[in-house]
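To start, the structure under review is shown below, and the notes come after it.
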Amino acid sequence: MKRIFILLSISSLFLAGCDSYLDRQPDDALTSDTIWEKRNTTMQYLWNVYSWIPNDADPCNNNDAFDACVSDETSGSFPNSRFGRYLFETQTPDDTFTSTKYRNMYYGIREAGIFMENVDRCPELTDGQKSEYKAEARFLRAYYYFYIMKNYGPTFFNGETSYEKLDEDVNKVDRTAWQPLVDWVCEQLDMAAADLPDTRDASSELGRATKGAALAIKARLLLYSARPLFNGQVYIGEDGSITPSHMYDGIKDRDGKPLFNTTYDQKRWEVAAKAAKAVIDLPVYSLVNNSTKTNNLERGLENLTNLFVDDLDNTEIIFPFMRGGATWRNRAFPQWMIDGVDGWASICPTQKLVDAFAMADGVYPVKTEYWDTPAYAHGKNVDLDNPAQVDPNAGYSESGSVNMKNPLLTLVVPDKAANRATPTQFVNREARFYRNVGWSGMQWVAGNANVKTDLEYYTNGQNAWPSANNVPPTGYLALKWYAPTINPLQGWGTITWPIVRLGNVYLDYIEALNEYDPTNPDIETYWNMIRYRAGVPDIFTVYPEIKGDKNLQRKYIRRERMVELCYECMRYADIRTWMTAEKSRAGYTIGCNVKKNNDNIDSDFWQRSEIGLEQYGYGETYRHGPRKFTKKSYLEPFETAEVNRVPALRSSQNLGW
């Protein structure tokens, strides 16, 4: 067993509440002597510490994580949901994901502290078991701090003491500066890693932390700390220029000391790279690259299907969440496609993400130097005849069609795959495109279920407005965990959600390496390992002119991240910590013209169109208007009740709130 599963069982000792984390909780039932006398009840307490891990695998849940729905990679079907308000920056401090991103994390921190203080009292555990279980709690406590920090920045910190011993006088409580927090969390993760096993036995230890998980979270925290948001609050220009924003310089502790790093330090990139390399060097993990196909497209598709759908116990996922498949598959299933199945169709790629994928030969149809610029306008302004915008070597066209079988269906359900007239822009794309993007007119297969039609996302189509209300506003559908072999009437199966996987760590490593050593050969090595697994040619074979150029490599690495990690709740943190969200997440979302009455090949349905120019249908088109992202949205606000309770927050609330 070369990875861990996150155990989801919540014991009868599970403690929850809705008051402030600073309040003392009733501990008697949880810390009585009887709990620590028996191994069984001691372990139940440890499972309770695990139970606070946020469910990122359900990105549409208003009570859990939502990062996949509020970045520039997707649009959504639910306009009045909490994440819908984030898109238009109409959320308030009391209308955020406080319980998941803040309050629940402190409950988990508190429970981890109590466990660590008491586990040595259990006479039925060996000294080795006590050390290992304490390391698990230490890892979880550090992970919960990391989760708060990536969303709120500097936060309240209580060190080794559990919150039952926190001074109730909140007048003495203050936020701790970013850098000391980072140093302490990394120290804790190193301590945990030293006492955690390399691997776990899948038959008896599902849900248990490993050394790799601890080191991987440390590497991710250090990467975020090296990026502009937490590394001096700077903007990095396309020419590599560093421009301070000073937006957090005035947020200080009681002693007048800045809570955020106020100067840019390139050394932080080197620290982050070394931490990522430490994970890579563990002799435990490897990319899923076990396809026997010889064709690049088929090989890439089979590898990716093994990673995300078929091989739930694979060597790539370092820190996963084992979930019922409905948490994603139902959320990304077309509505009214099968009688008895009410799909949500709520995770919808934007045109910008669709454009991000390469052709089968690795050439990007929309040039990287143009993609993600203001002129590109999220995909609205693409002149196919302008070689500065569209690469003539890509062979890309947006007119006509090709009669072809969908490559994903051909691989997974070859006996069901049938020819369809496919818009030329979706032909001859890389494997990751077909594993991630569905389009109107695409054949849909759901095991042995009676599927009514192909995908129809034009007005009056089977899966579109007004026939359905859960409608992809862009006319595209996210497919990453789509399993054509599954009939949802018989169950949604299971998915392994990757909180961290090795492909992610490779990209972290080359990003950090590029910022201080752009000619390092490891950039090419690990970048190409990701692309080879996906059936895509080597990056410097396709684009030799970018090799060793830090600024160009930065742009291409960021594009690679968007493609490789799409829908994995990484993009929102990426554009925030890069401090690019003010341009990446602002303006009209672009997609197909879903207001048209058909998706015929020559229909205006396929025109790149602004989503929400006027109120129409449901989802982002219903709410209508351009998205908004200003400086205040780089970090979450502390809720009003907490600001009122804790005097320190009245002068150190995050910017703009």
Query raised in the report: For region 105-255, what value does the Rg/Rh ratio take when both radii are computed over Cα atoms and Rh is the Kirkwood radius, given to two decimals?
Result: 1.05
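At a Förster distance of 60 Å, what's the computed FRET efficiency of W47 paired with A377, Cβ-Cβ distance as r, to 0.05?
Given R0 = 60 Å and the Cβ-Cβ separation, E is 0.75.
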Requested in this report: Write down the Kirkwood hydrodynamic radius of the chain, to one decimal in angstroms, obtained as one divided by the mean of 1/r over all alpha carbon pairs.
Outcome: 25.6
Query - Heavy-atom accessible surface of the chain: percent carbon and sulfur, 1.4 Å - result: 46
Query raised in the report: If you take the C-alpha gyration tensor of region 323-422, multiply each eigenvalue by 5 and take the square root, what semi-axes do you get, largest first, in whole Å?
Result: 31, 19, 12
Requested in this report: Could you do me a favour and compute the accessible area per residue for region 580-657, 1.4 Å probe, result in Å²?
Outcome: 41
Query - Under 17 Å, Cα to Cα: Lys pairs in region 205-351, sequence gap 8 or more or different chains - result: 6
Query - Helix-only [θ]222 nm of the chain, DSSP H runs n ≥ 4, -39500 (n - 2.57) each, per residue, nearest 500 - result: -9500 deg cm²/dmol
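Residue separation times 0.36 nm, minus the C-alpha to C-alpha distance between K172 and N460: what's the value?
Here the answer is 97.6 nm.
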Query raised in the report: By how many nm would the segment from D538 to Q266 grow when fully extended, if each residue of separation counts as 0.36 nm and the alpha-carbon distance is taken off?
Result: 95.1 nm
Query raised in the report: Per Stokes-Einstein, at 10 °C and 1.306 mPa s, what whole-number D in µm² s⁻¹ belongs to region 403-534, with the Kirkwood radius over Cα pairs as the hydrodynamic radius?
Result: 91
Report summary line: Probe 1.4 Å, heavy atoms of protein chains only: per residue, the accessible area of region 325-453 in Å² is 33
Requested in this report: Would you grab the residues whose amide H sits under 5 Å from the one on R627? Only those 5+ places off in sequence or on another chain, please, with H modelled 1.01 Å from N.
Outcome: G587, Y588, T589
Requested in this report: Highest first, please rank the peptides 35-44, 114-123 by the mean number of other Cβ atoms sitting within 10 Å of their residues.
Outcome: 114-123, 35-44
Report task. Return the long-range amide H neighbours of M442 (sequence gap of 5 or more, or a different chain), with a cut-off of under 5 Å between placed amide H atoms. Result -> L455
Query raised in the report: Which distance in nm do the two modelled labels at E369 and T294 give, with both placed 7 Å along the Cα-to-Cβ direction?
Result: 3.9
Query raised in the report: Between V437 and residues 5 or more places away or on another chain, which pairs have amide H atoms under 5 Å apart, with H built 1.01 Å from N, and which residues are they?
Result: L479
Query raised in the report: If you roll a 1.4 Å probe over the heavy atoms of the protein chains, what accessible area per residue do you get for region 461-554, in Å²?
Result: 29
Report summary line: Residue span Y235 to N520: 0.36 nm per residue of separation minus Cα-Cα distance leaves a gain in nm of 100.2 nm
Requested in this report: Compare the peptides 455-465, 233-243, 643-653 by average per-residue count of other Cβ atoms within 10 angstrom and give them in order, highest first.
Outcome: 455-465, 643-653, 233-243
Requested in this report: Using a cut-off of under 19 Å, list every residue of region 282-316 whose amide N is near the label point 7 Å from the Cα of E205 along the Cα-to-beta-carbon line.
Outcome: 282-286, 313-316
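To the nearest 0.05, how large is the calculated FRET efficiency for D253 and D94 if R₀ is 22 Å and r is the Cβ-Cβ distance?
0.35
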Query - Nitroxide proxy distance, nm - points 7 Å out along Cα→Cβ at S399 and T243 - result: 3.9
Requested in this report: Take region 501-554, compute every pairwise Cα distance, and split them into 5 Å bins from 0; I just need the percent in each bin.
Outcome: 4, 22, 32, 26, 13, 2
Report summary line: Of the listed links K352/K628; K367/K550; K405/K555; K416/K480, those spanning more than 24 angstrom between alpha carbons are K405/K555
**Report entry** Protection-proxy order for peptides 598-611, 503-516, each taking the mean of Cβ atoms within 10 Å per residue, highest first
**Finding:** 503-516, 598-611
Query raised in the report: What's the FRET efficiency of Q607 with N448 using the Cβ-Cβ distance as r and R₀ = 45 Å, to the nearest 0.05?
Result: 0.75
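The values are calculated or read from the model by the stated rules, or taken from the named source; none is laboratory data. All values derive from a computational prediction rather than experimental measurement. As a convention, Cβ positions derive from the backbone with ideal geometry for all residues, glycine included, and neighbour counts pool all protein chains shown. Accessible surface areas use protein heavy atoms only, side chains included; no ligands, DNA or RNA. Shrake-Rupley method; radii C 1.70, N 1.55, O 1.52, S 1.80 Å.
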